[in-house]
1. For region 422-536, what Kirkwood radius comes out of the mean inverse Cα-Cα distance, in Å?
2. Over the chain, average the accessible area per residue using a 1.4 Å probe and give it in Å², no decimals.
3. At a 1.4 Å probe radius, carbon and sulfur cover how many percent of the accessible area of region 93-211?
4. Full extension from His331 to Arg531: what is 0.36 nm times the residue separation minus their Cα-Cα distance, to one decimal in nm?
5. So what is log10(I(q)/I(0)) for region 283-339 at q = 0.19 1/Å, when the Debye sum runs over its Cα atoms only?
6. Work out Dmax and Rg for region 524-567 from the C-alpha atoms and quote the Rg first, both in angstrom.
7. Assuming R0 = 51 Å, can you tell me the calculated FRET efficiency for the pair Leu82 and Ala480, based on Cβ-Cβ distance, to the nearest 0.05?
8. Considering only protein heavy atoms and a 1.4 Å probe, what is the carbon-and-sulfur percentage of the accessible area of region 538-605?
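The values are calculated or read from the model by the stated rules, or taken from the named source; none is laboratory data. Bear in mind the structure is a predicted one, so any value in this text is a computation, not a measurement. Neighbour counts run over all protein chains shown; Cβ positions are idealised from the backbone, glycine included. When the accessible area is computed, the model is the full protein with side chains, heavy atoms only, and any ligands, DNA or RNA have been set aside. Shrake-Rupley method; radii C 1.70, N 1.55, O 1.52, S 1.80 Å.
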Amino acid sequence: MNTLIVRTLAVLATLALLLTGSAAAAAGGAGPADRPAPLTAAGLAASWTGPLSTSGRYVVDATGNRFKLKSGNWDGAQGHWLGSGDIADPANHEHAEPSGNMPLGLDRVPIARILGDFHALGLNSIRLPFSNALIHDTATVPDAAVAANPGLRGRTPLQVLDAVIAALTADGFAVILNNHTTTARWCCGLDGNERWNSGQSTEQWIADWVFMAGRYRDDKRVVGADLRNEVRRDVLDDPNWGWGDAHDEYAAFEAAGNRILQTAPDLLVVMEGINWQGVPLDGLPHGRPVLTPVQNLSNTLVRSGKLVYSAHFYAYTGPNHSGATGLGETHDPRYQDLTPEQLAQAVDQQALFVTRGGQHFTAPVWISEFGAGGRGPADPKERAWLDRFTDILVANDTDFAVWPLVGWTRDGVPQDNWALLSYDAAGTRLGIEEPGDWRAADWHRLVDAAGHTGPVPATERWNMLALDHADLDTSARMLALPDWDRGARKGSCPDSERLAGLGRGDGRGLCTDAGGPARSAAPYPVVTDERYVTGGDWASGYSKLQCPDGTFAAGYSVRGDAMSALLCAPAATALPTAGRTVWFDHGDNRPAGGGSTGSDWAPGSYKGQCADHEYLAGVAFTWRWSHGGVPDALLCRPLG
């Protein structure tokens, strides 16, 4: 089905719920007595088996059952200091809640009680933010900061994080680590934490991630690495997606994800899109790309089935609104200003389109931050926005993580009224389930919503390769070997996939696992000439790179835009040798209804693609007629 039609139907389905769900929320929704009982620790632990992977748009557990991420953010380990004033003065911390660079609440509530309250909310997973500074902090935490958990006295913040993670996973929760900040300073403005390499090198950032992945590798309930929080412009420079420079989030996340998977192959790798680009002034270009660049440049990891994309949405921000009031505020609408139709369309265009099946970008989307203030005077626009946004999450069966879970109360009033659970100095709880929190109906609708459960059928995967600026070797097997075409830019498909298509003159390629075939353990031939051309001249007058019979293309290399070599993988069983020539020198030649044909993995270039039931066996090119050695035709052969 045409991608535009699919997306339109999804938006219409969302709008149908907007007409019913918000009305239910306004009427109060289901009360606690009407709700299913939340899982106990034992029940949650028994309900799923780690590690997690992906199948199409869904996250699945080790048994292949859907594991919908019903998550909350337990923040604090990333730091709450606002960046100026005495760090010992609570007034200089966000919401006057100094976290001590640990998850909030350990000074006033035993961990076991906090986790019990998480269970009561209906959560099955926790996003756990941390800073790079925490990893290297050797000072022990103050005794007062862990007063309700005296067993944590004398530990460093990282050792406290170890204990928190161990407690969470023992209680059955899935834990996703989130690199929130570089320094232990509150996020997210011009605070020195704008990019992964703000205040540190990209290599140091990756090294910290490799350290964290290795540290928790043996705990299969530590399920994911959320690479970086809200990548955005600093004073002078924008992040970008695919430019090949020091600010290229696509390249940095690709490199980090693959290094993490080489250390801890069971982890999910979570990639959030660009949170902000440009200068927020009327008349100057600015906006919130989120995941829109993924439409034409998606990530491919060394392990298929480990990529999750994520996005953040708040009422006070907007597609082109920074969220600022006063300095930095523009006349662009905030999300809370959009009609239900406009909001559904914006969320789809910025994030949820990624869940469309059968495309190079298809992956689960986790809305890893959203929230609203729940007590005190309610902002009518914010309240209406949360109703509508909840409808969108329910209609799309979307994975989510609310921000934040834990806060403090003073004199019976939450210091951060966004927190779902607030505790006073004596440990008394004021939570979303207690009277007076208008968000309860929306929360119940969301956490109790019906959705896909049980087994998720295996889906065919499509992944793109982009050699725009550098190598993209996603074959773990080839990464362990010497450079197979020195001086050329090289791309190889994941070891479970084969090459299915090429772009003409842009270094782009398409991989798939549709229809196999299985590989043998034999070496991979690298083809640089015509010695393996068999079965007649399938592209007369053209130079040809052809895989030996019994092998199929699994990678390629280019010099400039010209073909250099073809990487061939040996099949475990015999492959047919009859074939057809697919020319794409004068236009696209892609199979109607084939995989990823509803998306453009090489925009601006002609594309050739074998049918889903075929394997790519050869590439033809020429230097005549100013063609420049770029691929002009493919040899496609049936898989069986």
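1. On the way: mean 1/r = 0.0510 Å⁻¹.
With all distinct Cα pairs of region 422-536 included, I get 19.6 Å.
2. 36
3. Values: 2020 of 3620 Å².
Looking at region 93-211 in its full context, I get 56 percent from C and S.
4. Values: separation 200, 0.36 × 200 = 72.00 nm, distance 6.41 nm.
Once the chain is fully extended between His331 and Arg531, it gains 65.6 nm.
5. -0.76
6. 10.5, 30
7. Working: r = 46 Å, r/R0 = 0.91.
According to the calculation, E is roughly 0.65.
8. Working: 1150 of 2410 Å².
C and S fraction of accessible area: 48 percent.
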